Amino acid sequence: FSPARSGSTVLSLILGAHSEITNFGESHWLAKDTVSRQKSNPKVVCRAHGEDCEVLKNVSLDRSKYSNHFSLLSDMCETKYLLTTNKTMGHYGNMDTSLLDNYTILLYKPFEIWAGSYLSGAKKDIPDNHEDAIELLANRYFKYFRRHSEFLEKPDFSRIMVIEYLRLVSEKEDYVREI
């Protein structure tokens, strides 16, 4: 779990390179209501590996829903662990998280660094006034963690590992081994 523009895609690609991990990327794209928002030719797409993903390319839209999300991924997973990244509670609030028995990772990127990467992305609608822009970004950033703190206190998420973005950048290989 992490807000957008936090480095979750890079982290999932690093961890997903391990031989015992299948990386499903942003697997909320498996959900029917997310897929149905695609403008033309809706289909299941792996956000980590694209349309040619060997794992998800055979998932039909009729099997694609939140209620059996992790059981569906587990059925396709030939490795010991599965990895999926999600951005908002709307994407995982209805998932079958009771099936989880491993770690949940929360990627933490300090606000000032997140704001810089957010501004460098394709996100628009940022006010020109610096004070207004900072207030808007702060509200988006801290709202994410406030909204999710209660959700992550559920029994399904008893083993949460917080990954610090700055350590990931500065310690690189050593920190990945520790994770």
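The values are calculated or read from the model by the stated rules, or taken from the named source; none is laboratory data. None of these values were measured; they are calculated from a predicted model. Here the Cβ positions follow ideal geometry from the backbone for every residue, glycine too, while neighbour counts run over all protein chains shown. These area figures cover heavy atoms from the full protein model, side chains too; ligands, DNA and RNA do not enter into them. Shrake-Rupley method; radii C 1.70, N 1.55, O 1.52, S 1.80 Å.
Annotation: amide H of residue 163 within the under-5 Å range of 106, 107, 108, sequence separation 5 or more or interchain, hydrogens built in the peptide plane. The length gained on full extension between residue 143 and residue 160, counted as 0.36 nm times the residue separation minus their Cα-Cα distance, comes to 4.2 nm. Within a Cβ distance under 13 Å of residue 82, other residues only, what is the Lys/Arg minus Asp/Glu net charge? Net local charge, residue 82 excluded: -4. Subtracting the Cα-Cα distance of residue 136 and residue 112 from their residue separation scaled by 0.36 nm leaves 7.3 nm. Projected onto the charge dipole of region 107-179 (+1 at Lys/Arg Cβ, -1 at Asp/Glu Cβ, origin at the Cα centre), which of 137, 108, 119 gives the Cα projection farthest towards the positive end? So the residue furthest toward the plus end is 108.
Here the convex hull built on the C-alpha positions of region 127-179 has a volume of 93 cubic angstrom per residue. Using a probe of 1.4 Å, the accessible surface attributed to residue 95 totals some 10 Å² when neighbouring protein chains are kept in position. Each Lys or Arg adds one and each Asp or Glu takes one away; over the other residues whose Cβ falls under 15 Å from the Cβ of residue 176, this sums to -3. Summing charges over all other residues whose Cβ lies under 10 Å from the Cβ of residue 14, with Lys and Arg as +1 and Asp and Glu as -1, gives 0. For region 97-179, GluC sites (Glu not before Pro) meeting the loop criterion (DSSP other than H, G, I, E, B) and having at most 11 other Cβ atoms within 10 Å: 153. Subtracting the Cα-Cα distance of residue 175 and residue 77 from 0.36 nm times their residue separation leaves 32.7 nm of extension gain.
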